[in-house]
Amino acid sequence: MSIDWKPFVPLVQQARSFVLTSHMRPDCDALGSELGMAAALVALGKTVRIVNGDSVPSHISFIDRRGQVEVIGSGVTDAEVHMADVHMVLDTSAWGQLGPMADVIRSSPARKVVIDHHVSGDDLGAMTFKDTTSESNGRLVLQAVEALGVKLTPDIAKPLFYAMATDTGWFRFSSVTKETFVAAAKLVAAGASPHESFGALYDRNTLARVRLHGRIMDSAALAIDGRVSVARATDADFAATGAEVADTEDVVNRVLSIAGVEVAALFVDMGGGAIKVSLRSRSDFDVRQIAELFGGGGHTKAAGVRIRGSVDDAQQSVLEAVRVQMG
Ligand SMILES: [Mn+2]
């Protein structure tokens, strides 16, 4: 799948002012796409504002060094957004993901452009540039910038590198292709730093989080002939380390990293009798089916559910369900 950017170029050339937006709870692909595109449009002498329905999450605020990302309703009005010649929607094409920006864009006379890599979406009445085979929206923005003939600068390259790096789990997901690395190489040549980016993204644990991870790893065990790994975070673990439930994010992937394991399950005691169960698979085994049995959901290879009861009870029920499905 490759995008024909020809119609994009005159649309940008003929417009003077742009509002860029993306989905709620913006991630680095959303924000990186916006910031990279904004820098390219500014280089062409355009007036650009980035206006989202949601603020930049604090844990990735480093991506917006200059505080360019605005939130609709706080310092920027619907009328100001409507005055732009073009609205550009990046990293989503679903009305439902735009939050309060959906109505603002829907009711605006501005021309609309979508650049996106998601399969699902709505007809936004926009000129749409979509490649669902792209591992990141950031790479599509790089293509757009190249089509415009804008020379890559660090202001363009750095945010796009964050976009690509995060949507690929640091260049390791099955969506990664040669094209990913060709694009990443261009961004590094233009000033993006893999070393700095990795540090900003991933070397940012608290001591409490690292110590909690130690305790969770210490609880790891194998089940069902070594095909399943389980681990847990209990009340005692949180009390001993001072860490929070949010600090268990991503840990299940390390539990899955044991050789021979197909499915990993992490059980987190959230307090009040609620157990959060995170499930991961790296075989054909569909963990969503397991999650759905208990009222949860997700994807084939990553799913989750909340179960009431104790960690022991939750683990027993989930393992029994996995055992049945494995046959
Ligand atoms: Mn994305």
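The values are calculated or read from the model by the stated rules, or taken from the named source; none is laboratory data. Only a predicted model underlies this, so the values are computations on that prediction, with no experimental measurement involved. Please note: Cβ atoms are built from the backbone with ideal geometry, for glycine as well, and neighbour counts cover all protein chains shown.
Here is a list: 192, 147, 208. Which entry is within 18 Å of residue 44 (Cα to Cα) and more than 16 Å from the ligand (Cβ to nearest atom)?
Numbers: 192 fails: within 18 Å of residue 44 (Cα to Cα); 208 fails: within 18 Å of residue 44 (Cα to Cα).
Only one candidate passes the filter, namely 147.
Scan region 37-55 for residues that are buried (at least 22 other Cβ atoms within 10 Å of the Cβ) and in contact with an Asp or Glu (Cβ under 8 Å, 6 or more places away or on another chain) and jot them down. Hits for region 37-55 are 39, 50, 51, 52. Count of region 117-144 residues, restricted to those that are under 17 Å from the mean Cα position of the chain (by Cα), more than 12 Å from the ligand (Cβ to nearest atom) and closer than 25 Å to residue 187 by Cβ, is 1.
Residue 197: in a strand (DSSP E or B), in contact with a helix residue (DSSP H, G or I) (Cβ under 7 Å, 6 or more places away or on another chain), among the polar types (S, T, N, Q) and in contact (Cβ under 8 Å) with a residue 24 or more places away in the chain, yes or no? Here the answer is no, as residue 197 does not meet what is asked. Only a single criterion out of (1) loosely packed, with under 14 Cβ neighbours inside 10 Å; (2) without any contact (Cβ under 8 Å) to a residue 40 or more places away in the chain; (3) of a type in the set (A, V, I, L, M) is not satisfied by residue 9, namely (2).
So which of 140, 124 is touching a residue at least 40 places away in the same chain (Cβ under 8 Å) and either part of a loop (DSSP other than H, G, I, E, B) or in the same structural domain as residue 188 (by TED's automatic domain parsing) (or both)? Let's see the steps before the verdict.
Values: 124 fails: touching a residue at least 40 places away in the same chain (Cβ under 8 Å).
From the options 140, 124, the qualifying one is 140.
Within region 165-187, can you find the residues that are more than 21 Å from the chain's Cα centre (by Cα) and either surrounded by 14 or more Cβ atoms within 10 Å (Cβ to Cβ) or within 16 Å of the ligand (Cβ to nearest atom) (or both)? Result: 186, single match.
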